[in-house]
């Protein structure tokens with residue numbers, strides 16, 4: 001186990017160092033997510049009466065779009081500098097490489113969401129510190145990162161990769177988005193449906209579990225090239 | 001149960017539209033794949049002939 | 001030079017067997033046409049008119065079989081993708097990608113005929129009902145499959161990537177269905193009525209539906225075969241180009 005985890009953390013640490021120096025991912029997606037919220041506020045004309053219904057949707061659209069922006073950078077940085085070949089030559093298994101990249105992406109997205117959530121809470125006037133909300137954000141973000149790492153590694157090798165990533169990502173991630181919005185509605189709104197929330201969290205957890213098995217396997221195949 | 005918006009008699013245009021669209025798309029699809037298939041077969045024949053001719057003219061054993 | 005000759009031999013023998021298959025394909029096309037004509041007779045002349053919905057209910061006889069075949073197509077994509085990832089033989093990729101294209105065509109038609117049927121019955125073109133929404137997400141997944149192939153930088157890469165998506169997408173479908181189904185039960189959005197479009201089918205309607213399914217299955221088989229043989233021809237073309245370059249190379253060496 002320790003032999004497996006060490007290279008995983010090394011890959012993650014490499015990405016964190018890179019991010020600390022370049023600040024390409026976290027700041028950019030954060031600013032982008034705030035802009036999404038502002039645009040949605042004008043588009044949907046959010047009022048205190050409608051905020052309970054609209055806020056969860058806006059929250060998750062912002063998170064999902066910011067997430068795609070973050071994951072699109074995950075392999076571009078490797079590809080442009082030709083450092084992917086170097087990584088693949090390292091005596092590190094493809095699985096460790098996948099989990100390392102996935103963990104880094106998960107961390108970046110979590111940091112972005114942690115900063116955005118209080119801003120949303122102030123703008124839309126709801127309590128951000130509910131365990132349900134934080135739980136679903138972590139679970140759903142894990143799902144985003146799991147699928148996103150694989151699709152990012154695929155999209156980066158195609159022509160017009162900026163288009164391919166969201167086109168691949170959004171249809172597959174639909175169940176997570178639905179579950180996350182439903183759970184957040186329960187957490188933010190006045191009507192908390194405990195049974196419903198539990199079922200949605202289970203569904204997202206099943207999604208995460210299935211793709212945590214499938215995606216590393218698929219990643220190994222994709223990286224053979 | 002189902003509440004009817006239109007009476008059964010005047011919904012025939014919808015029926016017609018559904019079948020028209022379906023057959024138009026199917027015939028279009030078959031037409032374009034057939035045409036592409038035909039083009040490809042022609043190109044195979046052309047290339048094979050060129051290849052055959054090239055081989056006879058430049059084969060040193062044939063001229064000796 | 002020798003290798004080129006063996007190429008040539010395999011080429012001609014495969015072409016011979018293929019022209020034999022070609023005539024079998026024509027037979028299948030004729031069968032598809034004949035069954036479709038009989039199917040249209042059954043649908044418009046023989047099947048009784050549904051009492052509540054009237055003539056528009058006859059859309060069901062093409063809508064439902066096309067939906068079933070679309071799901072079959074995506075299942076074929078899944079099997080072909082797994083076999084391709086396992087064996088790495090291009091024929092599995094041809095099967096998977098051909099089935100994906102047909103699946104998208106059939107799903108598009110399901111998504112077009114559905115609202116045309118729903119409008120006079122429900123009064124609305126579209127409702128975010130569990131089956132409709134799942135079908136739409138399914139369509140999006142396989143459209144992205146075809147896009148991935150179109151935008152990949154070379155053929156083997158496109159085959160590999162799309163095979164991965166063929167597996168991931170299919171595994172995702174039941175999860176999407178559960179999510180959409182629960183989501184629907186929490187929001188009763190259907191404005192008018194909750195009855196299923198099929199309604200109650202009597203014995204003659206059922207017979208017509210099954211005959212239609214048979215006719216569409218024959219049509220589907222023909223289209224799949226046609227598409228696969230087209231991809232084979234494309235591969236033939238590439239191999240001939242390759243052997244042509246081989247002879248050029250031989251000439252330079254000489």
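Here, each number is a calculation from the coordinates, and none is a lab measurement. Worth saying up front: this structure is predicted, and the values here are computed from it rather than measured. Note that we place each Cβ from the backbone using ideal geometry, even for glycine, and neighbour counts take in every protein chain shown.
Computed over the Cα atoms, what is the radius of gyration of the protein assembly as shown divided by 2.2 N^0.38 Å, N being its residue count?
1.15
Provide a whole-number value for the mean count of partner chain Cβ atoms within 10 Å of the Cβ atoms in peptide C:39-45.
Whole-number average of other-chain Cβ neighbours for C:39-45 is 1.
What distance in nm separates the simple spin-label points at residue B:25 and residue A:110, each placed 7 Å from Cα in the Cβ direction?
In this crude spin-label approximation the distance works out to 4.5 nm.
Using Cα centres only, tell me the gap between the stretch C:133-160 and the stretch B:26-54 in whole Å.
After rounding, the separation between the Cα centres reads 25 Å.
Ranking request for peptides C:140-148, A:197-205, A:78-86: highest mean number of other beta-carbon atoms within 10 Å first, then the rest in descending order. Show your work: numbers first, answer last.
Working: C:140-148: 21.4, A:197-205: 18.8, A:78-86: 12.7.
Packing order, densest peptide first, comes out as C:140-148, A:197-205, A:78-86.
Within a 10 angstrom radius of each residue's Cβ in A:217-224, how many Cβ atoms of other chains show up on average? Whole number is fine.
Across A:217-224, the average partner-chain Cβ count within 10 Å equals 3.
For residue B:39 paired with residue C:155, estimate the spin-label separation in nm (one decimal), with each label point 7 Å from Cα along the Cα-to-Cβ line.
1.6 nm
When the Kirkwood hydrodynamic radius is evaluated over all pairs of different C-alpha atoms of chain A, what value in angstrom, to one decimal, is obtained?
For chain A, inverting the mean 1/r across all distinct Cα pairs yields 18.1 Å.
How do B:21-31, C:202-212, C:74-84 rank on mean C-beta neighbours within 10 Å, highest first? Walk me through the numbers on the way to the answer.
Details: B:21-31: 14.0, C:202-212: 16.1, C:74-84: 21.3.
Going from most to least packed, we get C:74-84, C:202-212, B:21-31.
If packing is taken as the average count of other Cβ atoms within 10 Å, what order do A:39-49, A:24-34 fall into, highest mean first?
Result, highest mean first: A:24-34, A:39-49.
Averaged over peptide A:140-152, how many Cβ atoms belonging to another chain are found within 10 Å of each residue's Cβ?
Working: counts 0, 0, 0, 0, 0, 0, 0, 2, 0, 0, 3, 6, 0.
Other-chain Cβ atoms within 10 Å of each residue's Cβ, averaged: 1.
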